[in-house]
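All remarks here apply to the structure that follows.
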Amino acid sequence: MTLKLGQRSFADDATLVMAIVNRTPDSFYDKGATWAEDRAFDRVAEVVAQGAEIVDIGGVKAAPGTDVDIAEEQRRVVGFVARVRAAHPKVVISVDTWRAEVAHAVCCEGADLLNDSWGGFDPALVKVAATHDVSLVCTHTGGLTPRTRPYRIEYADVVADAIRSTVGQAERAVSIGVDPRSILIDPAHDFGKNTWHSLEITRRLGEMTATGWPVLVSLSHKDFVGEALNLPVGERLAGTLAATAVCALAGARVYRAHEVVETRQVVDMVLSIAGRRPPERTIRGLA
Amino acid sequence: MSEHGVSTRVVVLPPVPALLPSCLGRTDPVIDLRNACRKAITWLVEGGTAPVTVLADAPDQAARSRGVEVPLGIRVARALLDEAEHRQEIRHTDAPTPGERRLLVLANGSGCRSEKAPGHLDPRSFAYDKRIETALAEGDSAGLAHLDAELGRGLLAAGIESLRQLGAMRLDVETADLLYADDPYGVRYWVTTWLCDAK
């Protein structure tokens, strides 16, 4: 399905890299590297130059920690979205938030996509997407409250639950008025999942892509990679890229990542191997 | 056009696999060559309704042992003609007759013109290719008749027997146009058109 994100449309065989841009002092991977607004702004310029089609701006770390209320979240992201919009008119601006109030404010400043990474926790957020005619990520969290960790969470079938939840959210969004071409579904590795769950989601991602809804995967340096390889944050790039390759083979469309260049290369290489993307240039043995 | 109102059009171009649509990636490594081939093929197709005869090497024993049956030159010719929307049957021959009116010859020079070339550097390439290139550029049909086919094989040249056959026709070339001559990957490519008086 053609994907419409903001003013841009992407063909049904296009894959997109969504670069993570944190406006937080405490996110797990970069630990506040772009907390200063100018640093975050430089990061946007860098990832756009690297070819990221989407930037995903977040003002609240996913894990538990210091409380960030609506006013503080807005202070972190709303003005920043406006600044990015002015400097980069073509990049798709995503904002990672579960709050309708924040969503409304960023859409007023030019955000194109709401990454509802806590799976519809605030039901009013979908209405904001419909009202502003922006795109939406529908996420599986197993019903967790924002910023909580999974604790002894169990599923009869985690993939079936992820499909039921995300497709249900997508259908609800359409019924409320969100453009069906503008909806992504995300199984949300690690969110409401132990490592076994996330590995199974990865292994069976083809069942999600088979729904026809474009699938976003967010794999970058997550704990399921760390536990699979017994590696700390900072040493998980190879594992992240291996998971990226498996998801690319299964047909994921959007890859939320810290490393844009490496992610793009892995996705392109896998698609070339799969025969879904011609190689860039071939002359070896053909001259 | 000859005094009898009938002429023969000859195109010589190289049987380069990279010209095949099935070998084309996202960017074209032989775009200049391809454009020259398109120009020559268009000229050939526009030259009347007579069948196009393709003069191309048969697959060698090694290729046949790998299951290749249709000559590479024929496949390249077919692809270029298809692109020019020339849907008529083409005739493949290794022995052209004097009555040919549209002749497409698939040949290239040495593949040993640099250290990165498919056959590495062989200094004999340059004199060998120069002789062919001069004959093509000057419309010297007879100059192709006695090319050294064995040396050509050693230099990874292709279609030398076809060029010899073209030479043996002793065509009376009215206009020769060398549209392209280069060796971007260590293989000498030519795209040539000859307008010949009919015998």
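Nothing in this text is a laboratory measurement; each read-out follows from the coordinates by a stated rule. Quantities reported herein were computed from a predicted structural model and do not represent experimental measurements. Using ideal geometry, Cβ is built from the backbone for each residue, glycine included, and neighbour counts are taken over all protein chains shown.
Charges only on Cβ, +1 for Lys and Arg, -1 for Asp and Glu: so what's the dipole of the stretch A:150-260 about the Cα centre, in debye to the nearest 20? Let's see the in-between values first.
Numbers: 11 positive and 13 negative charges, 36 e Å.
Result for the stretch A:150-260 is approximately 180 debye, rounded to the nearest 20.
Based on the alpha-carbon gyration tensor of chain A and its eigenvalue square roots a ≥ b ≥ c, which shape applies: rounded if a/c is under 1.5, prolate if not and a/b is larger than b/c, or oblate?
The shape class here is rounded.
Is the shape of the stretch B:155-199 rounded, prolate or oblate, going by the alpha carbon gyration tensor and its root eigenvalues a ≥ b ≥ c, with a/c under 1.5 for rounded and a/b larger than b/c for prolate?
Since a/c reaches 1.5 but b/c is at least a/b, the shape of the stretch B:155-199 is classed as oblate.
Pull up the DSSP beta bridges for the stretch A:3-273 and report the antiparallel fraction as a percent, rounded to 5.
Once the DSSP bridges in the stretch A:3-273 are tallied, antiparallel ones form about 10 percent.
In whole Å, how far is the Cα centre of the stretch A:193-244 from that of the stretch A:152-167?
The two parts, judged by their Cα centres, are 15 Å apart.
Under 10 Å, Cα contacts only: if you run a Gaussian network model on chain B, which one of B:49, B:175, B:93 comes out with the highest mean-square fluctuation?
Looking only at B:49, B:175, B:93, the biggest GNM fluctuation is shown by B:49.
Compute the distance in nm between two label points, each set 7 Å from the Cα along the Cα-to-Cβ direction, one at residue A:72 and one at residue B:66.
With each label point 7 Å from Cα toward Cβ, the separation is 6.5 nm.
Ranking A:277, A:147 by Cβ neighbours within 10 Å, fewest first, what do you get?
Going from least to most buried by this count: A:147, A:277.
Put +1 on the Cβ of each Lys and Arg and -1 on the Cβ of each Asp and Glu in the protein assembly as shown; which of A:140, A:271, A:35 then has its Cα farthest toward the positive end of the dipole?
So the residue furthest toward the plus end is A:140.
Which whole-number percent is the relative contact order of the stretch B:7-197 (Cα, under 8 Å, 6+ apart)?
29 percent.
As a footprinting exposure proxy, order A:28, A:80 by other Cβ within 10 Å, with the fewest listed first.
If I rank by nearby Cβ atoms, fewest first, I get A:28, A:80.
Helix B:72-83 versus the longest principal axis of chain B: what is the Cα-based angle in degrees, 0 to 90, to the nearest 10?
The helix B:72-83 is inclined about 60 degrees to chain B.
Top mean-square fluctuation among A:130, A:82, A:228, Gaussian network model of chain A, C-alpha springs under 10 Å?
Comparing A:130, A:82, A:228 in the GNM, the peak value goes to A:228.
GNM on chain B, C-alpha springs below 10 Å: top fluctuator among B:45, B:12, B:54?
B:45
Ranked by Cβ crowding within 10 angstrom, fewest neighbours first, how are A:171, B:69 ordered?
B:69, A:171
Once Lys and Arg get +1 and Asp and Glu get -1 on their Cβ, which of B:35, A:25, B:114 lies farthest toward the positive end of the dipole of the protein assembly as shown?
A:25
When a/c is below 1.5 the answer is rounded, else prolate if a/b is larger than b/c, else oblate, so apply that to the stretch B:7-197 with a ≥ b ≥ c taken from the square roots of the Cα gyration tensor eigenvalues.
Rounded is the answer for the stretch B:7-197, as its axis ratio a/c remains below 1.5.
Alpha carbon centre of the stretch A:47-119 versus the stretch B:25-90: separation in Å?
For the stretch A:47-119 versus the stretch B:25-90, the Cα centre distance is 54 Å.
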